[in-house]
1. Which residues, taken from region 1-22, are within 17 Å of Glu237 (Cα to Cα) and touching a Pro at 6+ places or on another chain (Cβ under 8 Å)?
2. Among the listed residues Leu134, Leu107, which satisfies the condition of being closer than 21 Å to Thr246 by Cβ and in contact (Cβ under 8 Å) with a residue 24 or more places away in the chain?
3. So if I check each of Glu40, Glu64, Glu57, Glu92, which one is surrounded by 21 or more Cβ atoms within 10 Å (Cβ to Cβ) and without any contact (Cβ under 8 Å) to a residue 40 or more places away in the chain?
4. Give just the number: which of (1) at pLDDT 95 or above; (2) of a type in the set (Ser, Thr, Tyr); (3) over 23 Å from the mean Cα position of the chain (by Cα) does Thr188 not satisfy?
5. Mind telling me which of the residues Gly225, Gly203 ends up being more than 17 Å from Glu175 (Cβ to Cβ), part of a loop (DSSP other than H, G, I, E, B) and either free of Cβ contacts under 8 Å to residues at least 40 places away in the same chain or not assigned by TED's automatic domain parsing to the domain that holds Cys10 (or both)?
6. Quick one: is Glu148 in a helix (DSSP H, G or I) and over 22 Å from the mean Cα position of the chain (by Cα)?
7. Say we look at region 69-85 and pick out the residues that are surrounded by fewer than 19 Cβ atoms within 10 Å (Cβ to Cβ) and either in the same structural domain as Gly202 (by TED's automatic domain parsing) or at pLDDT 95 or above (or both); which of these is farthest from Ser22 (Cα to Cα)?
Amino acid sequence: MGKTIVFEVCLGTADPAIKAVSYDLIKKDLEETSGLPVWEIFTDKAAADATEAMTLEEALQKAEQEGYENIRIVPIFLTKGDLFYETKHTVESYQDRFDIKISDAVLADRDSTAFAAGILTQCLHMDPDREYVLAAYGNPDFSGMAYEILQTAFDRNGYDNVFVAQKVSNPGVPECVEFLRRRREGRTDLKPVILVPLIVSGGNAQMDKLIGETDSFASALRDAGFEVEAQNKGLGEYKQFRRIYTIRLNSINKE
């Protein structure tokens, strides 16, 4: 069998307080459920240098030096975007030195996305009388399509009060405003819109673009006349959401 190490690969943050309530908790859960050591790997080199994390190249070299034979990689990314594929590309050149297995993104396909939608409803304790805008930064490639599939998952489960949107792609702010106005037409018992960033951890520019005071998704909704309750919390802070990653690790360990 040989020695096995787990890589938790994520964007990262240089803020130790935010790291402690997101990536560090994911690491702890992975260690407890697998019984294996876990290293935190940040794709943002500046964030890695500012913390005790490593870059992927540094971790691969260290694993070789310390005699590990098996590497299990759990990407913390929500979608199969650039960072997901860069991670896969980087480890390809090490396939002859390790037995490497990598789990999929959270929103990898229809089944995994439907499962994630169910987890999100638990995390947010969704009130049918409130509107929830789940806002991602977005990307026009497959990762953008993943959010459309997430919307479909909520629709199929009867959550007509949920709108999944993106800051830099479609559906965006205009479509979200139209959804909110249509749903609120003729109603007087209005409460603030709940804006949920679709980000695993805060402390980065993408979070600012979603919930910041200016030039953000939240500020655009407020400019459109809506009262907004923006949640300054990454998904990795929810224990139920972190369970997705432990399930992913268990799955590749059984292969």
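The values are calculated or read from the model by the stated rules, or taken from the named source; none is laboratory data. Just so we're clear, the structure is a prediction, and the values are computed from it rather than from any experiment. Virtual Cβ from ideal backbone geometry, glycine too; neighbours counted across all protein chains shown.
1. Scanning region 1-22 gives Val9, Cys10.
2. Leu107
3. Glu40
4. With respect to (1) at pLDDT 95 or above; (2) of a type in the set (Ser, Thr, Tyr); (3) over 23 Å from the mean Cα position of the chain (by Cα), Thr188 is out only on (1).
5. Only one candidate passes the filter, namely Gly203.
6. Answer is no for this residue.
7. Glu69
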